[in-house]
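Asks: Quick one: this structure, given as structure tokens, is what I'll be asking you about.
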Amino acid sequence: MKTILTILFIAIATTTHAQQIYSTGTVQGVNHTYIVKTRDFPSNNPLVSIANTQNKTSGQRMKSNRLDYVDPVLLGVKINNTALNNIFKEEIEPSVLQRLAANPQNYVGLIINFKQDGSVLDVTFSTQQTSTITPRIFEKIEDRIKSEITATFNQDKIPGIGAPAYTTFNFITKSYIIYFYKLKQVQ
Amino acid sequence: MNCFFKPRLWLIVLFLTIFSCKKDSSTSTHLHTDNAGVEIRNWLALQKDSTHVGELTSHIKWAEALTLAGDSNLYYYAVPVTGSDENYSPKKICRFLIVEAQSDKSQGYLLEVLASAKEFDQHKEELIKGFANINMSFSYEGDLSKFTISGDFIESTSYVSGKLKSYSKIYKKTSSAPKAILSSGKQVNDVCTDWWLNVNYTDGTATSTYLGSTCTCGGVIASRDKIGILSVKTLCGGGGGPGSPGDGGDSPGCIHQGSSIKNNKLILAAGDPCTVEPPKVKFNLCNGLSVQQIADFQSTYNYLTTGNCLQQALTVKIEGKEINVCIGAMSDPSAIAQSTPGNLVWNQNLVFYAGTLQEELFHQVQFDYYGTNASHANVEFEAALLRDMTDHAYDALHLASSEDQDRYRAFLDRITANNTGYPKTMSDIMPTPQDEASYFSLVNAYNNQYGTGSSHHGVVDNSLKPTALLEVTNLSKCP
Ligand SMILES: [Zn+2]
């Protein structure tokens, strides 16, 4: 079934002159290998997730050893959105960026898992199966996110625990999205 | 010509009548040191308002400066400020310039103490330190009011039988460019600030009093009447102009009429006769809320009323409701708040977060549509969805798998057209049976990210659609 799907996607992608096609399996960057998983949604423009095989949190969920529930405001994850957007703007070559921006549906979703000190632990990308962003570009973006992006958290102490919420979690997740047409607007 | 009608003018009467206080005859044990005088002088030297600093300094009784210790290394440096007497028999008003210092931070203000001579003489220190105390150690009847050194009202507390009775603070709302009609008949665009005095009583009632408006309109002083129509009262100019004492209502300077009297005491003189307009949502604040909590709640709610289109729509949606707001312990100590119809209990150890207050107020709307027995998973997911739509965030499924987070992002972006609009009908959210199924699969994913013991976990109801959410988006001015 997967093979049939892959063939189908190749066929579709070929007819739309997409340069890069992602399908289930692995792809190579320069130094790292990435696991690609296909999604069956959205139905009109399905996604793939792309994650470094060395990700430490793959398959794991964010979990607290003290809290059954946490209001997002108590985690209060804050990052510098402009810095993150700029990494994409700088690493994707202008002609590719321009083509991506032409369709408002084109985006890269990010799930960034942070350590408690605010540094980046892992990044998982998701994007259209027909995305023209190469694994090497994703690798460069990932490297820069890891070295340039840090998070801050809500420091309010949780009653009954006496420590801020984020300190009770194995890692802290931020879900973020980059729309290329919006990137273009702010250029 | 600049003719702002500054709020401080309302206080001119108060500011001009500076009071003398009977010399302290008590035998209390406050620390008499030279330090207080030095600390206060140092603080005054940093203030930019040299006119008022100068005026104030000439009325300070430096010889009576005192240092009082508060909690957690907080020090009150206080010095009496004298002047002509103000008679509110059997009460009197005493004024102090107070500088509160804690580690390297300090803030100063004028404190007016309305008290009887006996109360004042016997409990001076407690009154100086007592602003915002819920209970005084004695049967105090009176007011404590804070002003800036320029005479602007900051906040006040009122006590009956030694218990905190009410807390007052002024809020302003700036309105966008209404039309003013000048006496010449000419229309000009105007920007006005409406000033309101909110008083929250600890017995559960609250009032919001319109004090007047200050407008700038090309050299014209205008004030707005109670139904919101601007009428120009007088031309600004000549005479004393703004800020000069005793303008009253007659001078060609700024209009100064109307007042609010409480406990025989003029609280404010406003630019327009005070007009009481009942608050649109009646929040009954429980006993036990500290003044800081009342102020925190009030400003967080005000933030929502003036926030983005969804936040505003929600506050409109709950108009006419009566909600008890209390502080208490949570069954789950890490929960921020708990809601039942007409009741909101906030975790006593946490501040009022805007996002969470929005969620709790939305639960009140949900009660109207779903009752109280609806699936927690469904209603909490719907509330989280509204918050994410408001904040342009993707937090609802933050503990879920990356695939579920991807799915949620794709769903949220579809129903909001990448955050450019909001769903107004159920078919915007679930146009096809597949979309309906995917909505409920997200509710499932939301539910499964929490442990079975969690307050946000339950049994997903596959027929409970997000009707309440649409009620809010439909009321909104959002696209
Ligand atoms: Zn809730």
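Asks: From B:K118, B:K169, which residue is open to solvent by 30 Å² or more (accessible area, probe 1.4 Å) and assigned to a strand (DSSP E or B)?
Replies: B:K169
Asks: Checking B:D428 against (1) surrounded by fewer than 19 Cβ atoms within 10 Å (Cβ to Cβ); (2) in a helix (DSSP H, G or I); (3) within 12 Å of chain A (Cβ to nearest Cβ): exactly one of these is not met. Which one?
Replies: Here B:D428 clears every test but (3).
Asks: How many of the residues making up region A:112-133 are open to solvent by 20 Å² or more (accessible area, probe 1.4 Å) and at pLDDT 95 or above?
Replies: Summing the residues that are open to solvent by 20 Å² or more (accessible area, probe 1.4 Å) and at pLDDT 95 or above in region A:112-133 gives 6.
Asks: Within region B:455-470, how many residues are over 21 Å from B:R407 (Cβ atoms) and crowded, with 18+ Cβ neighbours inside 10 Å?
Replies: Qualifying residue count, region B:455-470: 2.
Asks: Given the options A:T57, A:T38, name the one that is under 13 Å from A:T130 (Cβ atoms), within 13 Å of another protein chain (Cβ to nearest Cβ) and touching a strand residue (DSSP E or B) at 6+ places or on another chain (Cβ under 8 Å).
Replies: Among A:T57, A:T38, only A:T38 is under 13 Å from A:T130 (Cβ atoms), within 13 Å of another protein chain (Cβ to nearest Cβ) and touching a strand residue (DSSP E or B) at 6+ places or on another chain (Cβ under 8 Å).
Asks: Please go through region A:65-76 and give me each residue that is open to solvent by 30 Å² or more (accessible area, probe 1.4 Å) and in contact (Cβ under 8 Å) with a residue 12 or more places away in the chain, ordered by number.
Replies: A:N65, A:R66, A:V73
Asks: In addition: Give me the pairs: first residue in region B:309-337 and in contact (Cβ under 8 Å) with a residue 12 or more places away in the chain, second residue part of a loop (DSSP other than H, G, I, E, B) and charged (D, E, K, R), beta-carbon distance under 6 Å, and six or more apart or on different chains, which are they?
Replies: Final answer for the pair search is B:C309/B:K477; B:E319/B:K280; B:I336/A:D71.
Asks: Separate question: Determine, yes or no, whether A:Q98 is among the polar types (S, T, N, Q) and in contact with a Pro (Cβ under 8 Å, 6 or more places away or on another chain).
Replies: No; evaluated as a whole, the condition is false for this residue.
Asks: Within region A:96-111, restricting attention to residues that are open to solvent by 10 Å² or more (accessible area, probe 1.4 Å) and among the small types (G, A, S), which residue is farthest from A:I35 (Cα to Cα)?
Replies: Only one residue fits best here, namely A:A102.
Quick grid of which residues meet (1) open to solvent by 30 Å² or more (accessible area, probe 1.4 Å); (2) among the charged types (D, E, K, R); (3) over 26 Å from A:T57 (Cα atoms):
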| residue | (1), (2), (3) |
| --- | --- |
| B:T390 | no, no, yes |
| B:L397 | no, no, no |
| B:S401 | yes, no, no |
| B:D404 | yes, yes, no |
| B:R414 | yes, yes, yes |
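Asks: Of the residues B:I336, B:I323, B:I318, B:I294, only one is outside the structural domain of B:S156 (by TED's automatic domain parsing), modelled with pLDDT under 90, open to solvent by less than 20 Å² (accessible area, probe 1.4 Å) and touching a Leu at 6+ places or on another chain (Cβ under 9 Å); which?
Replies: B:I294
Asks: Moving to a separate point now. For a quick check of your reading: which strands (runs of 3 or more DSSP E) sit entirely within region B:5-115 and have at least 3 residues that are under 29 Å from the mean Cα position of the chain (by Cα) and at pLDDT 70 or above?
Replies: Once the strands (runs of 3 or more DSSP E) in region B:5-115 are filtered for at least 3 residues that are under 29 Å from the mean Cα position of the chain (by Cα) and at pLDDT 70 or above, what remains is B:74-81, B:91-102.
Asks: Only one of these is within 11 Å of chain A (Cβ to nearest Cβ) and either of a type in the set (G, A, S) or out of contact with any Cys (no Cβ under 9 Å at 6 or more places or on another chain) (or both): B:A437, B:A468, B:A417. Name it.
Replies: That would be B:A417, the only listed residue that is within 11 Å of chain A (Cβ to nearest Cβ) and either of a type in the set (G, A, S) or out of contact with any Cys (no Cβ under 9 Å at 6 or more places or on another chain) (or both).
Asks: Turning to a different aspect of this structure: Return yes when A:A165 is open to solvent by less than 50 Å² (accessible area, probe 1.4 Å), of a type in the set (G, A, S) and more than 10 Å from every other protein chain (Cβ to nearest Cβ) and no when it is not.
Replies: No, not satisfied.
The values are calculated or read from the model by the stated rules, or taken from the named source; none is laboratory data. Not measured: the values here are computed from a predicted model. Cβ: placed from backbone, ideal geometry, glycine included. Neighbour counts: every protein chain shown. Side chains included, ligands, DNA and RNA excluded: accessible areas come from the protein's heavy atoms. Shrake-Rupley method; radii C 1.70, N 1.55, O 1.52, S 1.80 Å.
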